[in-house]
1. Restricting attention to segment 170-196, which residues are over 15 Å from the mean Cα position of the chain (by Cα) and touching a residue at least 12 places away in the same chain (Cβ under 8 Å)?
2. Does Ala174 satisfy the criteria of being at pLDDT 95 or above, open to solvent by less than 40 Å² (accessible area, probe 1.4 Å), within 27 Å of Phe46 (Cβ to Cβ) and touching a Leu at 6+ places or on another chain (Cβ under 6 Å)?
3. Determine which single condition Ser238 fails, assuming it passes every other condition in (1) over 25 Å from Trp90 (Cβ atoms); (2) in contact with an Asp or Glu (Cβ under 8 Å, 6 or more places away or on another chain).
4. Given the structure, is Ala146 part of a helix (DSSP H, G or I) and at negative phi?
5. How many of the residues making up segment 193-251 are surrounded by 14 or more Cβ atoms within 10 Å (Cβ to Cβ), under 25 Å from Gly38 (Cβ atoms) and of a type in the set (S, T, N, Q)?
6. Could you list, in sequence order, all residues of segment 96-109 that are more than 16 Å from Phe176 (Cβ to Cβ) and surrounded by 18 or more Cβ atoms within 10 Å (Cβ to Cβ)?
7. Among the residues that make up segment 118-136, is at least one of them in contact with an Asp or Glu (Cβ under 8 Å, 6 or more places away or on another chain), open to solvent by 30 Å² or more (accessible area, probe 1.4 Å) and assigned to a helix (DSSP H, G or I)?
8. Can you confirm whether segment 71-81 contains a residue that is open to solvent by 40 Å² or more (accessible area, probe 1.4 Å) and touching a residue at least 24 places away in the same chain (Cβ under 8 Å)?
Amino acid sequence: SPLAGQPIRLDSETMSDDRYAPPQANLTQPSAAVAGTGSFDLGLAFNEAWAKTWANFGLLLGVGIVGVLLALASMVTVVGIFLLVPVFAWGAIRFLLNIIDGEAAFADLFSGFQDYGRSLLSMLLLFVLSSLISALGQSLSLIGTAAGAPILEAVGGIVNLAWIFLVMARLNFAWFYAVDQGLGPVEALQTSWDATAGLKGGCAALIVMSLVVVMVGLLCLIVGVIPASMIAYLLPVSAYRQMVGRRSAAA
């Protein structure tokens with residue numbers, strides 16, 4: 001044959017003439033990042049949390065079990081409550097963010113140890129600040145309890161409930177800002193507060209939806225509690241990603 005021993009050309013000019021050739025995709029390019037909208041849709045958050053839960057159920061279950069066991073083991077040492085649990089919390093938040101982003105791995109649970117000092121201090125300070133802010137809402141109720149004043153205690157309970165939905169609900173995203181964007185505790189809280197200025201109702205509804213999901217799971221006994229808890233944890237993560245956007249898979 002006259003073509004024997006000759007190299008076969010497979011350049012773009014030759015391949016373009018073959019109508020049956022498969023489409024060529026550039027797999028070296030990362031998928032495009034999705035820009036945030038500055039807001040979130042509850043229905044979309046639920047649908048995404050639901051889909052991600054069932055698509056990653058085994059991974060979520062495995063990380064959840066190991067995370068709880070590690071936290072309990074850390075608490076037994078007492079010192080581990082302050083030196084290990086916050087870092088595991090950082091890793092758990094990173095894991096949940098990556099579940100929504102579609103790139104989660106079991107190793108995410110230990111990602112906080114890559115920058116141990118920053119992860120530890122960030123989570124510790126954020127926990128302390130969040131607890132202090134939460135305590136402000138409970139103060140009237142606590143005073144009523146200490147003073148033996150049932151009316152004051154009841155009023156304090158109402159105030160605390162309003163505080164949870166109007167204040168704490170808007171600060172819940174601070175944990176994601178701290179881990180995802182590396183913001184300091186104070187800056188993360190301030191950013192979460194500013195970002196939700198026009199989303200007060202949505203933030204309150206997000207808490208209600210999470211509670212409803214867990215309650216429905218309880219009605220389904222233990223079998224339902226596990227996936228319901230996963231969905232409840234992923235709901236605010238999806239809402240956060242809608243607000244600020246998500247990076248590309250290769251980022």
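1. Matches in segment 170-196: Gly184, Pro185, Val186, Leu189, Thr191, Trp193, Ala195, Thr196.
2. Yes; evaluated as a whole, the condition is true for this residue.
3. Looking at each condition in turn, Ser238 falls short on (1).
4. Spelling it out, Ala146 is indeed part of a helix (DSSP H, G or I) and at negative phi.
5. Total meeting the criteria: 4.
6. Passing the criteria: only Leu109.
7. Initially, segment 118-136 is screened for residues in contact with an Asp or Glu (Cβ under 8 Å, 6 or more places away or on another chain), giving none.
No - not one qualifying residue is present in segment 118-136.
8. Just the residues of segment 71-81 that are open to solvent by 40 Å² or more (accessible area, probe 1.4 Å), to begin with: 72-73, 75-79, 81.
Next, only the ones that are touching a residue at least 24 places away in the same chain (Cβ under 8 Å) stay: none.
Looking for residues that are open to solvent by 40 Å² or more (accessible area, probe 1.4 Å) and touching a residue at least 24 places away in the same chain (Cβ under 8 Å), one finds none in segment 71-81, hence no.
The values are calculated or read from the model by the stated rules, or taken from the named source; none is laboratory data. Since the model is a prediction, treat every value here as computed from it, not as a measurement. Glycine also receives a Cβ, built like all others from the backbone with ideal geometry; neighbour counts cover every protein chain displayed. These area figures cover heavy atoms from the full protein model, side chains too; ligands, DNA and RNA do not enter into them. Shrake-Rupley method; radii C 1.70, N 1.55, O 1.52, S 1.80 Å.
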